[in-house]
Amino acid sequence: MDGMSAPHVIRGSVSLPEAELVWRFSRSSGPGGQHVNTTDTAVELRFDLARTEALPEVWKRRALERLAGRLTDGVVTVRASEHRSQWRNREAATVRLTALLAEATAPPPKPRRPTRIPRGINERRLRQKKQRSETKRGRSPKNWD
């Protein structure tokens with residue numbers, strides 16, 4: 001468990017300090033037989049996004065806005081229980097949290113600049129429509145003129 005103190009990099013040089021991560025362990029459902037009934041393998045990782053000093057202010061504001069539906073009093077929670085060992089579930093929860101924060105703090109995409117349809121393309125489309133219309137009109141037994 002001591003090896004988990006490596007920095008959890010979000011993006012660039014910004015990482016989550018181990019001191020701000022709150023771990024909770026519980027018994028996990030799923031595979032494992034009798035082993036499941038005796039060990040706490042499920043992991044719940046909590047990170048107080050609202051009070052952290054680890055993230056730049058712009059990133060923090062962006063993440064709070066984007067993760068508003070997932071937050072409970074400014075705290076984001078991630079669960080992992082798919083592995084039989086607590087160690088692998090801790091790793092999975094950490095990876096999930098860092099990926100979630102990396103996505104939430106990413107800069108917004110550049111706005112799309114609308115483009116105009118070239119006149120030649122529009123004229124060609126109208127010419128083809130007229131030609132198709134004439135073809136269909138020619139198939140009719142009645143003479144419309």
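What follows is calculated from the coordinates using simple rules that are stated; it is not laboratory data. Predicted, not measured: the structure shown is a model, and the values here were computed from it. So basically every Cβ, Gly included, is an ideal-geometry build from the backbone, and we count neighbours across all protein chains shown.
Below are the figures for this structure:
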item	result
Globularity index of the range 44-104, i.e. its alpha-carbon radius of gyration over 2.2 N^0.38 Å	1.16
Value in Å of the Kirkwood radius, where the range 63-145 supplies the Cα pairs that are averaged	19.1 Å
Charge context of His8, other residues only, Cβ under 13 angstrom, K/R +1, D/E -1	0
11 Å beta-carbon shell around His83, net charge (K/R +1, D/E -1)	+1
Candidates per GluC sites (Glu not before Pro) in the range 41-145, loop by DSSP, up to 10 other Cβ within 10 Å	Glu53
Candidates per trypsin sites (Lys or Arg not before Pro) in the range 81-145, loop by DSSP, up to 10 other Cβ within 10 Å	Arg112, Arg116, Lys142
